[in-house]
Amino acid sequence: MSNPVHIEKVLYTATASASNREGKVTSSDGNLDVQLSLPKSLGGPGGNGTNPEQLFAGGYAACFGSALAFVAKSKGIKTGPVKITAKVDIGAVGQGFGLAAELTAEIPELPREQAQALLEAAHQVCPYSNATRGNIEVALRLA
């Protein structure tokens, strides 16, 4: 098992609270205030709330897109429009539950080989990728 990443200098701290999967999630600054709802596929009523998997997928997609932009800028590459779609699965793992993720990048203005190289480089830089590496399966795809 590898050693955890140690942050040398904290740049930002996000704080959020939740009561459970069917309550609310709120951030300490009030910018995030969403209702949670257990999906029907997990035995819940579904409904108008989000869920932790959707929140994780949205965060991962946004963060990965920023990591890709960071890598492209550092290499002097103009990507044009980029869209990252994260798919997060939850399922049974032994006696508990686990996650798997798939990241699909749309980078239509770059040659496929260059876009794939950026995708791989972003996966080494992205904080979500670093947090999940070795803990869950993460598949990278180029649309």
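The values are calculated or read from the model by the stated rules, or taken from the named source; none is laboratory data. As the structure is a computational prediction, the values presented were derived from the model and not from experiment. Note that we place each Cβ from the backbone using ideal geometry, even for glycine, and neighbour counts take in every protein chain shown.
Some observations on this one:
- When residues of the range 30-72 are limited to those that are in a strand (DSSP E or B) and of a type outside the set (Asp, Glu), the one surrounded by the fewest Cβ atoms within 10 Å (Cβ to Cβ): 35
- For the range 102-143, a residue qualifies if it is exposed (fewer than 13 other Cβ atoms within 10 Å of the Cβ) and more than 20 Å from residue 80 (Cα to Cα), and the qualifying residues are 124, 134, 135, 137, 139.
- Qualifying residue in the range 2-16 (condition: among the charged types (D, E, K, R), loosely packed, with under 10 Cβ neighbours inside 10 Å and in a loop (DSSP other than H, G, I, E, B)): yes
- First in the range 78-89 and more than 13 Å from residue 138 (Cβ to Cβ), second anywhere and part of a strand (DSSP E or B), Cβ under 7 Å, 6 or more apart: 82/105; 82/106; 83/106; 85/104
- Restricting 37, 129 to residues that are assigned by TED's automatic domain parsing to the domain that holds residue 5 and touching a strand residue (DSSP E or B) at 6+ places or on another chain (Cβ under 8 Å) narrows the list to 37.
- Odd one out for residue 47, checked against (1) modelled with pLDDT under 95; (2) more than 22 Å from residue 21 (Cα to Cα): (2)
- Search result, residues across the range 110-143 that are in a loop (DSSP other than H, G, I, E, B) and more than 18 Å from residue 66 (Cβ to Cβ): 111, 134, 135, 136, 143
- Conditions (1) outside any loop (DSSP other than H, G, I, E, B); (2) under 23 Å from residue 126 (Cβ atoms); number of the one not met by residue 79: (1)
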